[in-house]
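What follows is a single structure, written as structure tokens, with notes after it.
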Amino acid sequence: MRYFGKIRDKDEVKEGKWTVSLKCNPSLCIYRRTYDTESLEMVLSPYSEVYLRPILHGGELAFYLYLKFSRNVTLAPLSTIQVNVGIPIDVEASIPYMGPEGVRNFPIDIIELTDVNYALYGKPERGLLCRYHEVRIGRWNWLLEAPLNVLIANESERSVNINRIVFPTFLPKLYYFPGTSKVWVSPINVFVEGNTATVVRNDQASPPEGYIQSPSTGKTNKWVMIFGL
């Protein structure tokens with residue numbers, strides 16, 4: 001299971017295989033994440049509140065997501081297709097603090113709901129390290145993934161085959177409904193021309209009522225796949 005929202009003193013929630021809890025006394029708070037014999041503990045200031053929010057996690061020193069389609073998508077010249085796929089969702093634990101620009105969030109933990117695998121996008125001497133995730137068009141695992149709507153437009157005068165999309169983990173905006181496992185991901189548009197594809201977040205689409213944006217997401221809105229398709 002997964003949970004997004006605020007946890008307070010004596011709260012305990014399940015995050016995938018992990019159990020997350022917060023216990024406080026007048027002098028400090030203990031944030032704890034446990035699974036079998038594995039355990040992570042952090043000492044926080046008293047009266048702390050911890051927020052669990054959805055995030056696209058690239059892994060160690062990886063800030064790109066490599067979505068590999070289980071089958072090719074073929075587009076005729078000057079044509080468009082819209083597909084839904086699943087992207088891996090992880091959990092960021094953070095505590096709020098007052099910064100110069102108002103309330104900010106300080107991340108203290110990232111909980112990986114699935115195993116993180118890696119792939120190189122591009123040539124070895126100048127490629128990008130990415131989190132690799134194989135997706136099925138039109139299907140996703142609602143516990144481990146969130147649905148992502150992708151519009152692909154072939155703007156060239158030749159047909160193209162697409163079997164992957166690569167973009168920064170900070171490109172989509174993620175929204176969650178507090179106190180639930182529900183996540184909404186901003187759609188993306190992919191414009192193919194020549195051997196490049198421009199990936200753009202679709203900011204015209206709005207989340208359902210009551211959803212709150214995860215502040216660690218959506219920090220960039222455009223990227224070009226420089227190594228072709």
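The values are calculated or read from the model by the stated rules, or taken from the named source; none is laboratory data. Since this is a predicted model, take the numbers as computed values, not measurements. In this analysis, Cβ positions are derived from the backbone assuming ideal geometry, glycine residues included, and neighbour counts consider all displayed protein chains. Surface accessibility is based on the protein's heavy atoms, side chains included, excluding ligands, DNA and RNA. Shrake-Rupley method; radii C 1.70, N 1.55, O 1.52, S 1.80 Å.
Summed over the range 174-226, residues that are more than 19 Å from PRO147 (Cβ to Cβ), outside any loop (DSSP other than H, G, I, E, B) and either of a type in the set (Val, Ile, Thr) or touching a residue at least 60 places away in the same chain (Cβ under 8 Å) (or both) total 5. Using the structure shown, decide if ILE30 is hydrophobic (A, V, I, L, M, F, W, C), modelled with pLDDT of 95 or more and surrounded by 16 or more Cβ atoms within 10 Å (Cβ to Cβ). The answer is no for ILE30.
The single condition among (1) surrounded by 14 or more Cβ atoms within 10 Å (Cβ to Cβ); (2) touching a Lys or Arg at 6+ places or on another chain (Cβ under 9 Å); (3) polar (S, T, N, Q) that ASN163 does not meet is (1). Of all residues in the range 80-88, none are open to solvent by less than 30 Å² (accessible area, probe 1.4 Å), part of a strand (DSSP E or B) and modelled with pLDDT under 95.
Please work out which residue is farthest from GLU112 (Cα to Cα), limiting yourself to the range 33-45 and to residues that are open to solvent by less than 80 Å² (accessible area, probe 1.4 Å) and touching a strand residue (DSSP E or B) at 6+ places or on another chain (Cβ under 6 Å). Looking at the filtered set, the residue picked out is LEU44.
Between GLU49, GLU60, GLU112, GLU92, the distinction of being of a type outside the set (A, V, I, L, M) and exposed (fewer than 12 other Cβ atoms within 10 Å of the Cβ) belongs to GLU60 only.
Each residue in the range 122-143 was checked for being of a type outside the set (Val, Ile, Thr) and surrounded by fewer than 17 Cβ atoms within 10 Å (Cβ to Cβ), and 13 of them qualify. Being under 22 Å from TRP142 (Cα atoms) and either open to solvent by less than 30 Å² (accessible area, probe 1.4 Å) or not polar (S, T, N, Q) (or both) is the filter here; which residues of the range 63-79 pass it? Once the filter is applied, which keeps residues that are under 22 Å from TRP142 (Cα atoms) and either open to solvent by less than 30 Å² (accessible area, probe 1.4 Å) or not polar (S, T, N, Q) (or both), the range 63-79 yields TYR64, LEU65, TYR66, LEU67, LYS68, PHE69, ARG71. Within this structure, LYS182 fails the test of being closer than 16 Å to LEU65 by Cβ, modelled with pLDDT of 95 or more and open to solvent by 20 Å² or more (accessible area, probe 1.4 Å).
Could you list, ordered by first residue, the pairs with Cβ atoms under 9 Å in which the first is in the range 105-116 and under 17 Å from GLU134 (Cβ atoms) and the second is of a type in the set (S, T, N, Q) and open to solvent by less than 30 Å² (accessible area, probe 1.4 Å), at least 6 apart or interchain? Correct list of pairs: empty, since none qualify.
When GLY5 is tested against (1) open to solvent by 40 Å² or more (accessible area, probe 1.4 Å); (2) modelled with pLDDT of 90 or more; (3) at positive phi; (4) not basic (Lys, Arg), just one condition goes unmet, and that condition is (1).
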